[in-house]
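The values are calculated or read from the model by the stated rules, or taken from the named source; none is laboratory data. Since the model is a prediction, treat every value here as computed from it, not as a measurement. Counting neighbours? That spans all protein chains shown, and the Cβs are built from the backbone with ideal geometry, glycine included.
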Amino acid sequence: MERIKQALEKARQERALRQGGDASAGAATTTPGTRTEDSPYAQSQSITLDDAVLRENRIVTGLEPSDFTEAYNILRTQILQRFKENHWNVLAVTSPGSDEGKTLTAINLAISIAREVDYSVLLVDANLRHPWMLEHLGLSQRKGLSDYLTDDVPLSELLIQSSRIEHLVLLPAGRPLTNSAEMLNSPKMAELVKDMKSRYHSRIIIFDLPPVLTTADALAFSPYVDAALLVIEEGKTQKQDVERAVELLSNTNIVGTVLNKAEPKTS
């Protein structure tokens, strides 16, 4: 783990040098606006989440308090502090490789932030090639982002919201796309992110992206986000994979890392 921290610190220093030493370089300059009545985000479909399914899939922040929920609350606080300092509001959650816990982290973090009084969250499943977010929540696949990008399906028909988590709205991925990288880098996607950033005051947009090393999707989409959170799995993620992922994301502010499936230390 120490080697991973050193690799990330080295990447931060190199990025700061390229940006003239300004740690806030690359921050969004758009001032978040206020909600309008004709907003495409004003309508959403109501869904019901099953506590048993959430617990089984380790979606812990939607349940009773525990050590795990507190860990996500600490992560939430750290990220919100960085975002407030730099006037950011768009976060990408990704990982070097597959099955390292990025979707689980994105969902738990989104719920934790949504429980803050002063924030709302839009969680977007941007894994257009292999959508996983709805499965983690125990929901069947439905139309989503890919249908908006390819078939002009209105956002009001795609957004979903649980009545239990008032300030969290979800945008599913929709049907899988083979040209996912191209669609994430399309002008229509760029315009959507721009609108998301400026539409609401105090809204955090979280994109659950595919792994950095398996497809071009995360790299293609990275210019649209303010910062990225890198999820790694203890005992699985290799040091060289972390270094390669950080290198590929060298123009993106890496706000931190999450060590998933870490065994508790014993005295």
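Quick notes
- Screening Thr150 with (1) in contact with an Asp or Glu (Cβ under 9 Å, 6 or more places away or on another chain); (2) assigned to a helix (DSSP H, G or I); (3) modelled with pLDDT of 95 or more gives one miss only, at (1).
- Contacts under 9 angstrom Cβ, first residue in region 102-113 being closer than 13 Å to Asn127 by Cα and touching a residue at least 60 places away in the same chain (Cβ under 8 Å), partner of a type in the set (D, E, K, R) and part of a helix (DSSP H, G or I), 6 or more apart: Thr103/Glu135
- Condition met for Val117 (at pLDDT 95 or above and not in a helix (DSSP H, G or I)): no
- With respect to the conditions (1) closer than 23 Å to Pro223 by Cα; (2) crowded, with 19+ Cβ neighbours inside 10 Å; (3) of a type outside the set (Phe, Trp, Tyr), His130 lacks only one, and its number is (2).
- The residues of region 63-105 that are of a type in the set (Gly, Ala, Ser), surrounded by 22 or more Cβ atoms within 10 Å (Cβ to Cβ) and farther than 25 Å from His201 by Cβ amount to a single one, Ser95.
- Selection from region 59-80 of residues that are among the β-branched types (Val, Ile, Thr), assigned to a helix (DSSP H, G or I) and at pLDDT 80 or above: Val60, Thr69, Ile74, Thr77, Ile79
- Figure legend. Inter-residue proximity from region 180-191: first residues under 16 Å from Pro210 (Cα atoms), second residues of a type in the set (A, V, I, L, M), beta-carbon distance below 6 Å, spacing 6+ or different chains. Indicated pairs: Ser180/Leu128; Ala181/Ala216; Ala181/Ala220; Met183/Leu149; Met183/Leu177; Leu184/Ala220; Asn185/Ala220.
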